[in-house]
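The values are calculated or read from the model by the stated rules, or taken from the named source; none is laboratory data. Please read these numbers as outputs of a predicted model, since none were measured by experiment. Quick reminder, even Gly has a Cβ in these numbers, built from the backbone with ideal geometry, and neighbours come from all protein chains shown.
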Amino acid sequence: MPTAPWSPYDELLRPLYDAHAAALPAGTVWCDAHTHIGHDDPDGFEAGPDDIIAGLDNAGQARALVFAAQEPAGYPPANDRVLAASAGSEGRLSGLARIDPNADGALDEARRCLEAGARGFKLHPRSDGFALPHPVVEAVVALAGAERHAVLFHAGRGIPQLGESVLHMAREHPGARLILAHAGISDTGWIAPYAAELPNLFFDTSWWQVSDLLALYTTVPPGRILYASDMPYGSSLFQGLAFLRCALLCALDGDALRAIAGASLDRVLAGDEPLDVGPAPGAGQLGPRDVAFERVVTHLGVAANRSFDDQPVDEPLGLAALACRRADAHPVAARILELIDAGRAAAANGGGTRDEALYAAMGGQILAGTYALDVL
């Protein structure tokens, strides 16, 4: 039976997700810009196409962009599976071909996949062991540009010169739709202003730390932000809630929310120009910051990172709970404590990196970082 990634823990956040989703304009169609299928990734995460569709259904979402997880044996068979799954999904999945630019015949594989129906390419400098600039990457982007297709770059931790190279390729190949995954955290601090200059530069939201997400939503025009879950590494419901809380705190509404949720990805896949739904709102929309809630964000971030490494989490969860003890009985603090209690109970029962303790920590720091939002 297909299983929605993280579904055992989604119920912790479902009431909040449902309440926030009511802010979306009528007729909004959710389209996820970042999901994986595969069963051989060394990190142990796995999913088939039915699992991705189950994840979409679990959050009431419609469609997803999908590509292969890491495949130590090579990507051609995995790309064939992605393209076959997309063709058989009745329009719910659109496939990118994953290309390792250091592999023999990488450009031939890219051309083959485009002819077979790929909507562009996924490139992962970190797990596939290459750096930028790279001549084969440049050639792959040129192929995408000629067809106005997408190229999605892993843009998480530890990727030197990614931003500089992507800016160069965006200028040299204006037809290519270049997407920096994971909120572009490797370069968000300086690259965001170029999004207004380069209409083919986009960022997806597949990340969990609230400070990084708020940096994305305040500095990048909303028409260049693409909702993404990172399934099976992430959950559609969690990432949907994170998007909505951060975007609403930044005073985004109406057409901007519709664009981020899916309308902009539809235009990327169609090769159309991006939607203009206003400028980046700026950090001034966040208002004053509450130091007590910033402490909660910090301690829950520590708990989440310790969970990733299978380390004990009771101490940072306990510190976060103490930081929630406030004289004003703030309603957000009460909701965070509910999550912390669930996380501590899971940790006491031997929970590890992919359990309720991690989910509770990630969800709690999203709430703490957006405490001023009155949607509960």
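Structure notes:
- Output for the range 270-293, where each listed residue is surrounded by fewer than 19 Cβ atoms within 10 Å (Cβ to Cβ) and among the β-branched types (Val, Ile, Thr): Val291
- Residue count for the range 10-41, restricted to those that are assigned to a helix (DSSP H, G or I), in contact (Cβ under 8 Å) with a residue 60 or more places away in the chain and of a type outside the set (Asp, Glu): 6.
- Options Ala23, Ala33, Ala19; residue that is within 23 Å of Ala259 (Cβ to Cβ), surrounded by fewer than 22 Cβ atoms within 10 Å (Cβ to Cβ) and touching a helix residue (DSSP H, G or I) at 6+ places or on another chain (Cβ under 8 Å): Ala23
- Considering the conditions (1) in a loop (DSSP other than H, G, I, E, B); (2) at pLDDT 90 or above; (3) closer than 19 Å to Tyr9 by Cβ; (4) among the charged types (D, E, K, R), Arg325 is excluded by exactly one of them, (3).
- Filter result for Ala320 (among the small types (Gly, Ala, Ser), closer than 30 Å to Ala192 by Cβ and at pLDDT 95 or above): yes
- Helices (runs of 4 or more DSSP H) fully within the range 161-205 counting 2 or more residues that are in contact with an Asp or Glu (Cβ under 9 Å, 6 or more places away or on another chain), assigned by TED's automatic domain parsing to the domain that holds Leu265 and over 16 Å from Pro221 (Cβ atoms): 162-172
- Checked against the criterion of being crowded, with 20+ Cβ neighbours inside 10 Å and charged (D, E, K, R), the range 168-179 contains one or more residues that satisfy it.
- Residue within the range 101-118 that is crowded, with 18+ Cβ neighbours inside 10 Å and in contact (Cβ under 8 Å) with a residue 40 or more places away in the chain present: no
- Residue check for Gly234: under 30 Å from Ala320 (Cβ atoms), at pLDDT below 95 and crowded, with 23+ Cβ neighbours inside 10 Å: yes
- Taking first residues from the range 332-344 that are assigned by TED's automatic domain parsing to the domain that holds Val313 and partners that are charged (D, E, K, R) and in a helix (DSSP H, G or I), the Cβ contacts under 7 Å between residues at least 6 apart in sequence or on separate chains come to Ala342/Glu356; Gly343/Glu356; Arg344/Asp314.
- Qualifying positions in the range 22-46 - at pLDDT below 95, touching a Gly at 6+ places or on another chain (Cβ under 9 Å) and within 25 Å of Ala360 (Cα to Cα): Phe45, Glu46
- Meets criteria (in contact (Cβ under 8 Å) with a residue 24 or more places away in the chain, on the phi > 0 side of the Ramachandran plot, of a type in the set (Gly, Ala, Ser) and assigned to a loop (DSSP other than H, G, I, E, B)) for Gly44: no
- Output for the range 1-59, where each listed residue is among the acidic types (Asp, Glu) and under 28 Å from Ala155 (Cα atoms): Asp10, Asp32, Asp40, Asp41, Asp43, Glu46, Asp50, Asp51, Asp57
- Helices (runs of 4 or more DSSP H) wholly inside the range 217-321 containing at least 2 residues that are farther than 22 Å from His20 by Cα: 264-270, 291-308
- The condition of being in contact (Cβ under 8 Å) with a residue 60 or more places away in the chain and aliphatic (A, V, I, L, M) holds for only one of Ala68, Ala64, Ala97, Ala78, that being Ala64.
- As for the range 329-338, it holds at least one residue that is touching a Gly at 6+ places or on another chain (Cβ under 9 Å), of a type in the set (A, V, I, L, M) and surrounded by fewer than 17 Cβ atoms within 10 Å (Cβ to Cβ).
- Here the condition is being surrounded by fewer than 22 Cβ atoms within 10 Å (Cβ to Cβ) and either among the β-branched types (Val, Ile, Thr) or under 25 Å from Asp374 (Cβ atoms) (or both); of Arg306, Arg258, Arg245, Arg267, it holds for Arg258 alone.
- Take the conditions (1) at pLDDT 95 or above; (2) in contact with a His (Cβ under 6 Å, 6 or more places away or on another chain); His149 misses just one of them, which is (2).
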